[in-house]
Amino acid sequence: MSKIKKTIEGYIARVNQRLETALPVAEGPAERLFSAMRYSVFNGGKRLRPLLCFAAADAVAKADHHTETAAASIEMIHAYSLIHDDLPAMDDDDLRRGEPACHIQFDEATAILTGDALQAMAFEQLATMNEIPPASQLELVRLLANHSGCSGMVAGQASDLAATGELLTLDQLKFMHAHKTGALIEASVLMGAVATSQATSQQLDALTKFARAIGLAFQIQDDILDVESSTAQLGKQQGSDLAKGKPTYTSLLGLDDARTQASELYAESIACLEPFGERAEALRYIAGFIVNRAH
């Protein structure tokens with residue numbers, strides 16, 4: 001196994017251990033809720049956002065236990081967003097990562113509460129980080145709140161629902177995806193850097209540009225896979241975007257132009273990492289995975 005793959009596997013093991021420790025044991029009066037939280041967090045996710053958090057920390061300084069806490073909080077927010085996204089009132093999806101969605105495995109009320117609990121727990125994790133400078137801790141809270149709430153992911157989800165069955169311009173589509181998908185990717189990168197308490201303003205600017213480029217590339221690749229991949233590979237219903245009348249890059253640009261856009265954004269993201277030299281090797285690897293993945 002290559003050195004970089006060992007590094008990536010190490011990141012995954014570290015965030016999984018942190019999540020295992022943080023999540024409540026499935027027992028007691030709220031056993032069903034706790035079971036649903038664990039089911040949704042440990043159902044085979046790629047841990048892409050925590051990976052970006054660790055890789056950004058290593059690009060700036062060195063990932064440590066603060067990185068683990070930040071990465072776990074990000075994954076909790078991501079899991080909550082998927083649970084709510086799958087609900088009948090939202091995207092109405094029965095499958096998530098090849099398994100029944102939370103509201104199918106349990107029930108709608110439990111799924112809603114599971115998302116609520118994970119969102120609250122994400123911020124509770126950041127509140128435990130009392131060994132870093134208060135300004136860094138506050139900035140971590142601000143980043144996660146800003147990028148996951150009405151200025152970020154939630155606004156993107158709202159615009160996605162409003163756009164169903166509508167024709168969007170390319171700029172409108174970019175806005176939607178920069179918020180729905182890109183915002184949490186950007187938060188992951190910036191939180192990894194901020195958690196080191198050593199990032200300079202120049203480094204944060206470069207990482208912001210990297211994250212925005214690769215975040216958009218991620219969504220374009222998602223749209224391509226929705227057309228080209230299979231339900232088994234995706235772990236969710238293939239072609240669901242088209243069936244629901246959702247605007248996508250492939251429906252607006254066609255497959256070839258969508259691929260070109262993704263490639264250009266990947267190149268742009270890699271150029272942003274030049275100031276970090278070899279320290280950004282993990283970020284480069286993850287960026288390559290994002291634009292070349294099959295699920």
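Quick look at the values:
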{"quantity": "For region 69-220: rounded, prolate or oblate by the Cα gyration tensor [a/c cutoff 1.5]", "calculated": "oblate"}
{"quantity": "Karplus (6.51, -1.76, 1.60) ³J(HN,Hα), θ = phi - 60°, over region 163-177, in Hz, Gly and Pro reported as x", "calculated": "8, 4, x, 9, 9, 10, 7, 4, 5, 5, 5, 4, 4, 4, 7"}
{"quantity": "Amide proton proximity set for residue 96, modelled H, under 5 Å, gap of 5+", "calculated": "101"}
{"quantity": "Which of 252, 207 is most accessible, then next, and so on - probe 1.4 Å", "calculated": "252, 207"}
{"quantity": "Local net charge near residue 44, Cβ-Cβ under 11 Å (Lys/Arg +1, Asp/Glu -1)", "calculated": "+3"}
{"quantity": "Distance from region 148-173 to region 34-60 (C-alpha centre basis), Å", "calculated": "24"}
{"quantity": "Set 5/174; 46/209; 180/209 screened for pairs whose C-alpha atoms are more than 29 Å apart", "calculated": "5/174"}
{"quantity": "Dipole magnitude of the chain, debye to nearest 20 (Cβ charges: Lys/Arg +1, Asp/Glu -1, about Cα centre)", "calculated": "740"}
{"quantity": "Per residue accessible area in Å² of the chain, where ligands, DNA and RNA are left out and the probe is 1.4 Å", "calculated": "44"}
{"quantity": "About the Cα centre, charge dipole magnitude for region 129-239 (Lys/Arg +1, Asp/Glu -1 at Cβ), debye", "calculated": "180"}
{"quantity": "Shape of the chain, Cα gyration tensor, a/c cut at 1.5", "calculated": "oblate"}
{"quantity": "Computed label-point distance, nm, for sites residue 90 and residue 252 using a 7 Å Cα→Cβ extension", "calculated": "2.2"}
{"quantity": "Carbon/sulfur fraction of accessible area - region 56-167, other protein chains in place, 1.4 Å, %", "calculated": "57"}
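The values are calculated or read from the model by the stated rules, or taken from the named source; none is laboratory data. Quick caveat: nothing in here was measured; it's all calculated off a predicted structure. Counting neighbours? That spans all protein chains shown, and the Cβs are built from the backbone with ideal geometry, glycine included. Side chains are part of the model used for accessible areas, which takes the heavy atoms of the whole protein and leaves out ligands, DNA and RNA. Shrake-Rupley method; radii C 1.70, N 1.55, O 1.52, S 1.80 Å.
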